[in-house]
Amino acid sequence: MPDVIRAADVRVRLGQSLVVRGVDLTLSDGEAVAVMGANGSGKSTLVRALVGILPIESGTVDIFGARLVPSGRGLPWHRTGYVPQRVSAAGGVPATALEVVTSGLLYRGRLRPPRNAHALALDALDEVGLAGRAGSSVRALSGGQQQRVLIARALVRRPDLLLLDEPVAGVDRPSQVAFARTLAALVERRVTVLIVLHELGTFAPLIGRTVVLRHGVVVHDGPPLPPARGHDAPDHVHLHPYVDVPGGRDVRALTEPNLGSQQ
Amino acid sequence: MTPDAGTSATAAGTAWTAVRDAVAGLLSDPLMQRALVAAVLVGLVAPVVGTYLVQRRLSLLGDGIGHVALTGVALGWLVGSAAGLVPRDTLAIPGAVVAALLGAILIEVVSERGGTNGDVVLALLFYGGIAGGVLLIGLAGGSSATLTAYLFGSISTVSTGDIALTVALGVLILAVGIGLRAALFTVSQDAEFARASGLPVRALNIAVAVVAALTVTVAMRVVGVLLVSALMIVPVAIAQIVTTSFRRTMSTAMAIGVGVCVTGLVITYWHNVSPGATIVVIAIAVYAVVALAAGLRRRPEGDPHPDQADDVDLVTEAT
């Protein structure tokens, strides 16, 4: 079986600057990998290049064994789900949560939703706990709820590979916990997950491997790392949501310098 | 029966007869028949395209295309008179179609490249279109007064041939705008997500630009270049006050579009006022009334997120 993602020496340019400078990244079937790094380290740019939003300057990307080309030809788009980093899901015209989720059923080669689109979209909304808001305009939803609509839009086509770009940025803790639970169920179904995160947080129990980018270069690819020094002190001001997640990892396990190379 | 009641009953009867005769007269007038067909079609198609433009926050695209279409009108006129065609404006509408299509695709391609500010490109087309139109119509031996019919519409001059073209283009616009609704919605809602789904984003965006250009040329005869965009945008603006879904916004806007076009046209049957301006003023009046009514009806007092779990624990636990 080919690797789900195989990226070799990928370079991506944004305007004048080379933001991703020769990244190698491989994800095998059923892996859950977190891409981490400071703002501007190139993690979002890398993911956006992997899904074909940004052109790759040099290097190659293979998804499910198919080469990513600018025209998008030949890629199994229906097996890939993407959740953008976004605050608002609302456009200039009102649209219901159901309509936005249904739009996830379209991909290259399918310009009209299938017959059972309504049921599929309702299922996906149910998975993120928003079945009751299917008919609501996304404008009327909170930021966290809108983010969950975007997650449902990626889930609706039942992807085998899910790429998420900071899916819980600005999402409150109960929603994060709920989403971590949804993602756990997907990982159990052997869906391959690539998730861009600032901190592992609620997702720590799911993540098998962490890739850390710095200035567009991979500086760590291995077991999840403990939080950076200064972020692990008891009086650290961040609210680390994983501290009291039911069934989550004990925070002390993360502060012990046991895994990987200390930065 | 008192004499008074008898008199008022007769008066009511006379009034009813008068209305019936007036409507019958209106409907039997061939000029009015053609104008009504054009008005209904334009009222129907313009909001379909407008819904996508508003969703993409490109409300002024129709104006940009309209101005470019004016150059096309003048160019068609110039070619027509050079070729000795009679009447000289035979090629005016075809010229407008070609110019509008080219302008729309140019706007789309330039804004996709992102190298230049799309806003500035739109502005250049606005001014270039008007200036080019006035300049060329002068060279063709006309005056800027010749352009007035296209600037403000001239529904009374709609010929049977025009109607055939209008119907054909209208059907095409509806076929694309409604047939591809799911795909056009996806692209207009979130172009990046559409690209990450492998959808042909550029082709779909150009499809919207093309139907927008065709709508401009179809609506040009009814309301004129300067007011075309209003018919695309204002019905959508009204509809979205009262709707929550994209689908419902589009259908409501179509109903409003037909309503204001027919009402405006009927008024001009009895009163000598510009049909285009009347239609647009009615549309904006409807917007004002609906917006006011919606504001009065529901003052949002309730919690919009009653089902949201609390994030912050207000009670500090004693340790």
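The values are calculated or read from the model by the stated rules, or taken from the named source; none is laboratory data. Predicted, not measured: the structure shown is a model, and the values here were computed from it. All Cβ positions, even for glycine, are placed from backbone atoms using ideal geometry, and neighbour counts span all protein chains on display. Ligands, DNA and RNA are excluded from the accessible area calculation, which covers all protein heavy atoms including side chains. Shrake-Rupley method; radii C 1.70, N 1.55, O 1.52, S 1.80 Å.
Listed by first and then second residue, the pairs with beta-carbon distance under 7 Å, at least 6 apart or on different chains, first residue in region B:151-162 and under 13 Å from B:Val273 (Cβ atoms), second among the basic types (Lys, Arg), are B:Gly153/B:Arg221; B:Ile155/B:Arg221. Of the numbered criteria (1) surrounded by fewer than 24 Cβ atoms within 10 Å (Cβ to Cβ); (2) more than 14 Å from chain A (Cβ to nearest Cβ); (3) under 15 Å from the mean Cα position of the chain (by Cα), the one B:Ser251 fails is (2). Taking A:Leu141, is it over 15 Å from A:Ile195 (Cβ atoms) and modelled with pLDDT of 90 or more? Against the criterion (over 15 Å from A:Ile195 (Cβ atoms) and modelled with pLDDT of 90 or more), A:Leu141 does not qualify.
Residues that are assigned to a helix (DSSP H, G or I), touching a residue at least 24 places away in the same chain (Cβ under 8 Å) and in contact with a Leu (Cβ under 6 Å, 6 or more places away or on another chain) occur at least once in region B:47-60.
Considering each residue of region A:116-132 in turn, none proves to be at pLDDT 90 or above, assigned to a loop (DSSP other than H, G, I, E, B) and within 7 Å of chain B (Cβ to nearest Cβ). Restricting attention to region B:228-242, the residues that are open to solvent by less than 20 Å² (accessible area, probe 1.4 Å) and facing chain A (nearest Cβ under 8 Å) add up to 1.
Residues in region A:94-111 that are within 7 Å of chain B (Cβ to nearest Cβ) and part of a strand (DSSP E or B) were compared, and the one that is surrounded by the fewest Cβ atoms within 10 Å (Cβ to Cβ) is A:Tyr107. Only one entry in B:Ala11, B:Ala24, B:Ala38, B:Ala18 is surrounded by 13 or more Cβ atoms within 10 Å (Cβ to Cβ) and either in a helix (DSSP H, G or I) or modelled with pLDDT under 85 (or both), namely B:Ala38. Can you say whether A:Gly91 is part of a loop (DSSP other than H, G, I, E, B) and within 14 Å of chain B (Cβ to nearest Cβ), as far as the supplied structure shows? Judged against the criteria, A:Gly91 is a match.
Annotation: of all residues in region A:170-202 being within 13 Å of chain B (Cβ to nearest Cβ) and either of a type in the set (Asp, Glu) or part of a loop (DSSP other than H, G, I, E, B) (or both), the one that is surrounded by the most Cβ atoms within 10 Å (Cβ to Cβ) is A:Val171. B:Gly198 falls short on exactly one of the conditions (1) crowded, with 23+ Cβ neighbours inside 10 Å; (2) touching a residue at least 12 places away in the same chain (Cβ under 8 Å), and that condition is (2).
Summed over region A:38-61, residues that are outside any loop (DSSP other than H, G, I, E, B) and either open to solvent by 20 Å² or more (accessible area, probe 1.4 Å) or basic (Lys, Arg) (or both) total 6. Scan region A:133-160 for residues that are part of a loop (DSSP other than H, G, I, E, B), in contact (Cβ under 8 Å) with a residue 40 or more places away in the chain and open to solvent by 50 Å² or more (accessible area, probe 1.4 Å) and the total you get is 1. Only one entry in B:Leu85, B:Leu147 is more than 14 Å from chain A (Cβ to nearest Cβ) and either touching a Pro at 6+ places or on another chain (Cβ under 7 Å) or touching a residue at least 60 places away in the same chain (Cβ under 8 Å) (or both), namely B:Leu147.
Once region B:257-279 is narrowed to residues that are in contact (Cβ under 8 Å) with a residue 24 or more places away in the chain, within 15 Å of the chain's Cα centre (by Cα) and surrounded by fewer than 23 Cβ atoms within 10 Å (Cβ to Cβ), the residue that is farthest from B:Val42 (Cα to Cα) is B:Ala277. Every listed requirement among (1) within 14 Å of another protein chain (Cβ to nearest Cβ); (2) open to solvent by 30 Å² or more (accessible area, probe 1.4 Å) is met by B:Gln55 save one, (2).
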